[in-house]
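First comes the structure, then the notes that go with it.
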2 protein chains.
Amino acid sequence: MKSEFSRILIYGLGMMGASLSLALRKKNSSAEIVGVVGSPTSKEKGIRLKSADQLFTAEEFLRSPDWESYDLIVFGVPVNTTVEVIQKLPSGFKGLLTDMGSTKLEIVQAVESVLTGEHRYISSHPMCGSEESGLEFGNADLYENRLCILTKPKGATNEAYAQIEGFWKFLGMSTTEIPAQDHDRILSYVSHVPHLISSLMTNWVWENGCVREFTEKSPLPLTGGGFRDMTRIAGSNPKMWSPIFGSNQEEIYKALIDYKERLDLLIAELKPEKPLDLGQWESFMEKSRKDRDAILKKQNDSKNP
Amino acid sequence: MKSEFSRILIYGLGMMGASLSLALRKKNSSAEIVGVVGSPTSKEKGIRLKSADQLFTAEEFLRSPDWESYDLIVFGVPVNTTVEVIQKLPSGFKGLLTDMGSTKLEIVQAVESVLTGEHRYISSHPMCGSEESGLEFGNADLYENRLCILTKPKGATNEAYAQIEGFWKFLGMSTTEIPAQDHDRILSYVSHVPHLISSLMTNWVWENGCVREFTEKSPLPLTGGGFRDMTRIAGSNPKMWSPIFGSNQEEIYKALIDYKERLDLLIAELKPEKPLDLGQWESFMEKSRKDRDAILKKQNDSKNP
């Protein structure tokens with residue numbers, strides 16, 4: 001498989017963008033890679049680390065943007081910045097564009113309002129985040145064997161879809177198409193709300209006086225591996241996550257309401273007045289294990305990894 | 001350090017009990033170890049695997065129990081069975097006793113009602129569970145460097161406390177003392193409710209039509225590592241966990257109510273009518289990370305393991 005592009009702009013050369021540049025090199029893409037970074041410091045760092053063939057700060061680039069000179073433009077900036085940059089595109093722009101945004105509705109709405117008529121913008125969400133940010137954390141293998149969700153705004157051509165899909169496949173990804181609103185709903189369930197719950201759990205545990213008193217007295221933590229696993233994502237890079245929450249507030253809210261209604265049912269079953277029906281709890285847990293296997297697309301009922 | 005016991009009864013030679021037996025051997029204890037198992041099949045397995053020096057089924061043992069011939073008795077059976085066996089002890093029994101139960105209040109109440117006056121029963125909770133059950137999963141290193149919570153029923157002597165503490169330390173554990181009710185409250189926060197939440201999350205995600213539809217269409221799962229981590233304990237051995245929920249129902253209920261009240265506040269903050277205050281969300285997440293470090297007794301703010 002070969003990449004068909006000769007000049008690629010990665011607008012936003014953070015961890016994801018720098019990884020993209022390194023991955024293209026590793027796959028022997030012959031494309032010239034131009035990177036845009038946020039600050040002069042990052043530019044120096046990028047030059048030193050050879051993160052791209054050519055580097056500009058956003059300020060330098062936007063002074064006289066040569067959008068037309070690239071045969072592929074990838075936005076590697078956060079969702080809100082992506083929306084701002086889309087609004088700076090020349091009207092009627094026909095270049096091939098994509099992004100790596102964590103939520104889709106705001107981006108797709110911006111695309112549909114700026115690029116009216118037929119265009120070549122396909123939104124992407126490579127599912128391979130990391131808690132690290134900054135181009136120094138670029139990793140040539142980040143995209144390998146991971147999933148990339150593709151979202152087609154109104155007016156995007158099928159040819160553009162095939163080209164963007166081919167680009168991610170060239171980097172070793174599998175792809176699947178999900179419309180913007182469905183994407184944002186799904187991500188609220190499988191990622192955004194779990195982050196909130198994980199954070200909530202650490203507050204709830206630590207603010208319990210009893211846990212706190214005996215944790216302080218104990219030579220070792222009072223928790224087991226389960227709690228450790230469940231709170232691993234608590235307090236994940238707040239600068240990265242709070243804008244994600246902001247850009248998907250409505251879906252997160254709805255998903256949390258659904259979660260809370262289920263929690264209410266669980267609490268009602270646990271009312272101390274009536275003793276637990278142990279058989280019913282066993283079924284609840286059996287179902288949970290099967291549901292998890294289905295979510296993780298596991299073929300069998302074997303032990304969790 | 002040496003173990004001072006010459007004849008130890010492990011009543012309940014499942015994963016934990018068999019590990020105890022193996023750990024004692026590994027530490028060169030000279031004690032004779034007698035194990036009690038639930039079924040003839042387990043007895044055969046235990047003989048084949050040399051899980052103890054001598055093995056009885058519970059039926060055989062209880063036909064003419066020689067409680068007095070042991071200088072240490074460890075119950076390795078579930079909490080409800082532990083309570084039943086305590087009720088079979090000779091009245092005024094003065095032997096040294098402990099258990100490895102996951103909840104404490106029911107056990108301590110049974111001890112206090114059966115062993116009136118001065119006695120030598122100290123309840124233990126070695127914090128080193130595993131999802132495996134059965135003596136074939138015995139692991140000589142299970143207790144090494146882990147925490148053992150000790151609980152003193154009314155009437156237990158300080159000497160007995162020192163002996164049981166010494167026993168666990170001989171096996172490489174650290175110890176801390178926590179009263180029964182505090183223990184059960186703490187465990188509801190750091191273990192029991194997290195298990196319920198993890199199970200609840202898989203149901204909630206998989207019963208969302210959108211997640212289900214696009215998971216089925218996608219070549220790879222739509223989840224990231226966060227969700228995988230948070231649901232690792234979902235559906236943990238239901239036969240083991242549903243009795244734990246049953247024996248700590250009241251504390252679990254109270255902990256869930258506390259959790260739910262915090263969730264309600266979070267949901268109120270997310271109401272779509274008003275846009276998120278991103279700074280406030282950053283502070284929420286920063287606090288979560290600090291709380292987690294405190295719970296896990298980490299010295300610094302470094303990245304999560």
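What to note about this one:
To keep it simple, each residue is scored yes or no on (1) more than 7 Å from chain B (Cβ to nearest Cβ); (2) open to solvent by 10 Å² or more (accessible area, probe 1.4 Å); (3) farther than 22 Å from B:I233 by Cα; (4) in contact with a helix residue (DSSP H, G or I) (Cβ under 8 Å, 6 or more places away or on another chain).
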{"position": "A:L196", "(1), (2), (3), (4)": "no, no, no, yes"}
{"position": "A:E216", "(1), (2), (3), (4)": "yes, yes, yes, no"}
{"position": "A:T231", "(1), (2), (3), (4)": "no, no, no, yes"}
{"position": "A:L266", "(1), (2), (3), (4)": "no, yes, no, yes"}
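- Leading residue by the ranking (farthest from the other protein chains (Cβ to nearest Cβ)) among those in region B:241-260 that are surrounded by fewer than 23 Cβ atoms within 10 Å (Cβ to Cβ) and of a type in the set (S, T, N, Q): B:Q249
- Taken together, the residues in region A:277-295 that are more than 7 Å from chain B (Cβ to nearest Cβ) and closer than 18 Å to B:S218 by Cα amount to 1.
- Screening the candidates A:G117, A:G138, A:G166 for the property of being away from chain B (no Cβ under 11 Å), on the phi > 0 side of the Ramachandran plot, out of contact with any Cys (no Cβ under 8 Å at 6 or more places or on another chain) and of a type outside the set (V, I, T) yields one hit, A:G117.
- Test: A:E84 is open to solvent by 40 Å² or more (accessible area, probe 1.4 Å), in contact (Cβ under 8 Å) with a residue 40 or more places away in the chain and part of a helix (DSSP H, G or I): no
- Residue match in region B:88-107 (condition: assigned by TED's automatic domain parsing to the domain that holds B:W168, open to solvent by 10 Å² or more (accessible area, probe 1.4 Å) and under 13 Å from B:K154 (Cα atoms)): yes
- Checking each residue in region A:154-172 for being buried (at least 21 other Cβ atoms within 10 Å of the Cβ), closer than 30 Å to A:K254 by Cβ and in contact with a helix residue (DSSP H, G or I) (Cβ under 9 Å, 6 or more places away or on another chain) picks out only A:A156.
- Look at (1) open to solvent by 10 Å² or more (accessible area, probe 1.4 Å); (2) β-branched (V, I, T); (3) under 30 Å from A:K94 (Cα atoms) and you find that A:T223 fails only one, number (3).
- Listed conditions (1) within 22 Å of the chain's Cα centre (by Cα); (2) within 30 Å of A:T231 (Cβ to Cβ); (3) assigned to a helix (DSSP H, G or I); (4) within 13 Å of another protein chain (Cβ to nearest Cβ) are all met by A:C210, apart from (1).
- Boolean, B:Q249 is among the polar types (S, T, N, Q) and closer than 22 Å to A:S191 by Cβ: no
- Test: residue in region A:194-203 that is at pLDDT 95 or above, among the β-branched types (V, I, T) and assigned by TED's automatic domain parsing to the domain that holds A:V114: no
- Residue match in region B:47-68 (condition: without any contact (Cβ under 8 Å) to a residue 24 or more places away in the chain, touching a helix residue (DSSP H, G or I) at 6+ places or on another chain (Cβ under 8 Å) and of a type outside the set (G, A, S)): yes
- Flag if A:Q181 is more than 7 Å from every other protein chain (Cβ to nearest Cβ), under 30 Å from the mean Cα position of the chain (by Cα) and either at positive phi or polar (S, T, N, Q) (or both): yes
- Checked against the criterion of being in contact with a Gly (Cβ under 7 Å, 6 or more places away or on another chain) and surrounded by fewer than 17 Cβ atoms within 10 Å (Cβ to Cβ), the candidates B:S113, B:S133 yield just one match: B:S133.
The values are calculated or read from the model by the stated rules, or taken from the named source; none is laboratory data. Keep in mind that what you see is a predicted model, and the values were worked out from it rather than measured. As a convention, Cβ positions derive from the backbone with ideal geometry for all residues, glycine included, and neighbour counts pool all protein chains shown. Quick note on the areas: whole protein, heavy atoms, side chains included, nothing else; ligands and nucleic acids left out. Shrake-Rupley method; radii C 1.70, N 1.55, O 1.52, S 1.80 Å.
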